[in-house]
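Step one of this worksheet: look at the structure below.
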Amino acid sequence: MYSEKKRNHQYRQNLFLLAKVMVIAGALFILARGLLFSNYIVYGQSMMPTIEDGERIIVNKIGYEVAEPSRFDLIIFHVDDSTDYIKRVIGLPGDHIEYMDDQLFINEEPIEEPFLEDFKKASDERPFTGNFELEEMMFASEVPDDFVFVLGDNRQNSVDSRHIGFVSKEEIVGQANLTFWPIDNFRLIR
């Protein structure tokens with residue numbers, strides 16, 4: 001009888017220990033998910049064909065705490081208190097940006113955008129990206145410090161820096177790293 005009591009006591013202790021471990025693991029998961037990563041549903045066609053309407057993506061929220069955004073990163077940023085956008089970083093602080101005859105020029109150097117090639121070929125609209133110079137649009141000759149210039153990949157159907165202006169680095173939530181839904185579209189995104 002003594003050994004049965006001891007076994008029951010040991011069983012309750014193990015059960016209690018397991019419950020504590022599960023609670024701590026759950027709290028750490030929730031904390032990590034909230035602070036390090038987040039998921040978003042993409043609405044609209046502004047990032048097609050890179051990201052389709054309705055796809056769910058994982059966003060790395062900690063990366064820009066230790067590094068700066070890079071050209072062509074896909075970022076999520078706050079537009080206002082209730083709206084976030086996903087766009088591609090085109091211009092970094094100090095960059096002069098111009099599009100001429102569907103060619104991106106940064107600091108007067110032509111820059112390739114390989115992520116657009118297939119979409120450009122399939123698009124009936126020409127030019128794919130309308131001509132503009134930063135000065136005409138933003139009344140600035142270059143991207144200011146602590147800001148980026150962003151565009152959607154679907155240039156004819158995107159509300160981006162051409163409409164909303166430069167994006168403050170403070171408003172950037174994080175970098176979009178992968179799509180996970182629908183499951184057959186699970187992939188790293190670039």
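The values are calculated or read from the model by the stated rules, or taken from the named source; none is laboratory data. Since the structure is predicted, the reported quantities are computational estimates derived from the model, not experimental observations. Cβ atoms come from the backbone with ideal geometry, glycine included; neighbour counts cover every protein chain shown.
Cβ-Cβ distances below 6 Å connect the following pairs, each with a first residue in the stretch 125-139 that is in contact (Cβ under 8 Å) with a residue 24 or more places away in the chain, a second residue that is hydroxyl-bearing (S, T, Y) and surrounded by 14 or more Cβ atoms within 10 Å (Cβ to Cβ), and a separation of six or more residues or different chains: T129/Y99; N131/Y99; F132/Y99. Being surrounded by 15 or more Cβ atoms within 10 Å (Cβ to Cβ), of a type in the set (G, A, S) and under 16 Å from the mean Cα position of the chain (by Cα) is a condition met by at least one residue of the stretch 50-65. Within the stretch 95-139, how many residues turn out to be small (G, A, S) and assigned to a helix (DSSP H, G or I)? Going through the stretch 95-139 one residue at a time, the tally reaches 1. Assessment of the stretch 85-92 against the conditions (out of contact with any Ser or Thr (no Cβ under 7 Å at 6 or more places or on another chain), in the same structural domain as E170 (by TED's automatic domain parsing) and over 15 Å from S161 (Cβ atoms)) yields no matching residue. When the test is whether a residue is under 18 Å from K61 (Cβ atoms), surrounded by 14 or more Cβ atoms within 10 Å (Cβ to Cβ) and modelled with pLDDT of 85 or more, E142 does not pass it. In the set D118, D101, D73, only one residue is modelled with pLDDT of 75 or more and surrounded by fewer than 16 Cβ atoms within 10 Å (Cβ to Cβ); that residue is D101.
Being modelled with pLDDT of 80 or more, under 15 Å from T179 (Cα atoms) and among the β-branched types (V, I, T) holds for only one residue in I41, I57, and it is I57.
Given the criteria in contact with a Ser or Thr (Cβ under 8 Å, 6 or more places away or on another chain), of a type in the set (A, V, I, L, M, F, W, C) and either in a loop (DSSP other than H, G, I, E, B) or surrounded by 19 or more Cβ atoms within 10 Å (Cβ to Cβ) (or both), does V150 qualify? In short, yes.
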